[in-house]
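> Submitted below is the structure of interest, expressed as structure tokens.
The values are calculated or read from the model by the stated rules, or taken from the named source; none is laboratory data. The structure displayed is predicted, hence computed values, not measured ones. All Cβ positions, glycine included, derive from the backbone under ideal geometry; neighbour counts span all protein chains shown.
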Amino acid sequence: MVDPSPLPFYTGIAAFFFTSGLAFYIHRIEFGFYFFLFGFVVLLFIASDWFSDICNEASFLGYHTMVVRKGLKLGFLLFIVSEIMLFFGFFWAFFHSALCPSIELGTKWPPIGINTISVIDYPLFNTLLLIISGFSVTWVHKGICLGTFSETIDAFIVTITLGALFICLQTYEYYEANFNISDSVYASTFFMLTGLHGMHVIVGVVFLSVSFLRLLSNHFMVNHHLGLVFAIWYWHFVDIVWICLFLMLYIWGSW
């Protein structure tokens, strides 16, 4: 087993300051923003230190035996399940209002006064970007399994570029939108779902970029690249969530 570490305990404390500070800041409680900022900065430092320890354990110390790998896989799968339930909650809120619009919404969905974003504009292009990135990240995995590292590097560059382009287009879509998060429950659920997904895309791009740097540093082998596998799983999760968003929020929810 790997050596004991105090980092999970420190992560819990930082997460407490992060979430509490965010809640205080939203409710305009004094010093709430500073609590939030403190927790966020500490979380970044802890994550960097923790991930560095995991990389050292896997690449140089030889601590990642089959038993440890099974535990890491189970932990990451449970993490993805928790992320699925997070999105499920916001989808529930969306369908709760969409399937039976209240009188306050004019009994219509989208509500009166909301001009929805055109499906064949940025949303469709972003969908194509993520679908292509799903194929390219699978190309990454195939390349590392076959030992063709030059092809793996090319596929990595394609995937990261597509992810960064998605983030840029999503930001521009927000800029062009003619409604904001406070314009009815439609706008609130729209920005929460797409914004939460956008944050996951940013995390996915960072995850893949770190894996790309580890590949260049020869941390991965044909039969031992668990960190890369986790990054690929996470990116496929991001792809699938976006397809659900595109079908339910942009197409069905805009009728």
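> For Leu129, which of the numbered conditions (1) assigned to a helix (DSSP H, G or I); (2) loosely packed, with under 15 Cβ neighbours inside 10 Å fails to hold?
(2)
> Follow-up. Inspect segment 158-172 for any residue being small (Gly, Ala, Ser) and part of a helix (DSSP H, G or I) and give the result as yes or no.
For segment 158-172, residues small (Gly, Ala, Ser) and part of a helix (DSSP H, G or I): present.
> What are the residues in segment 8-22 that are within 18 Å of Phe38 (Cβ to Cβ) and exposed (fewer than 13 other Cβ atoms within 10 Å of the Cβ), if any?
Within segment 8-22, Phe9, Gly12, Phe16 qualify.
> May I ask you to list the residues in segment 173-185 that are part of a loop (DSSP other than H, G, I, E, B) and either touching a residue at least 40 places away in the same chain (Cβ under 8 Å) or not assigned by TED's automatic domain parsing to the domain that holds Val210 (or both)?
Ala177, Asn178, Phe179, Asp183
> Evaluate the following for Phe190: is it assigned by TED's automatic domain parsing to the domain that holds Leu128, farther than 17 Å from Ala93 by Cβ and crowded, with 16+ Cβ neighbours inside 10 Å?
no
> Consider only pairs whose beta carbons are under 6 Å apart and that are at least six residues apart or on different chains; among these, list those whose first residue lies in segment 37-52 and is free of Cβ contacts under 8 Å to residues at least 40 places away in the same chain and whose second residue is among the charged types (D, E, K, R).
From segment 37-52, no pairs qualify.
> Of all residues in segment 87-111, how many are in a helix (DSSP H, G or I) and modelled with pLDDT of 85 or more?
Matching residues across segment 87-111 total 12.
> Looking only at segment 132-177, filter to residues that are charged (D, E, K, R) and within 27 Å of Met192 (Cβ to Cβ); which one of those is surrounded by the fewest Cβ atoms within 10 Å (Cβ to Cβ)?
Top of the filtered list is Glu176.
> Give the residue, chosen from Ile202, Ile240, Ile232, that is part of a helix (DSSP H, G or I), out of contact with any helix residue (DSSP H, G or I) (no Cβ under 8 Å at 6 or more places or on another chain) and at negative phi.
Criteria check complete, one pass: Ile240.
> Something else about it: Looking at (1) within 22 Å of Trp235 (Cα to Cα); (2) exposed (fewer than 15 other Cβ atoms within 10 Å of the Cβ); (3) at pLDDT below 85, can you tell me which one Ile84 breaks?
Every condition holds for Ile84 apart from (3).
> Scan Ser59, Ser52 and give me the residue that is within 19 Å of Arg214 (Cβ to Cβ), touching a helix residue (DSSP H, G or I) at 6+ places or on another chain (Cβ under 9 Å) and either of a type in the set (S, T, N, Q) or in the same structural domain as Asn223 (by TED's automatic domain parsing) (or both).
Exactly one of Ser59, Ser52 is within 19 Å of Arg214 (Cβ to Cβ), touching a helix residue (DSSP H, G or I) at 6+ places or on another chain (Cβ under 9 Å) and either of a type in the set (S, T, N, Q) or in the same structural domain as Asn223 (by TED's automatic domain parsing) (or both), namely Ser59.
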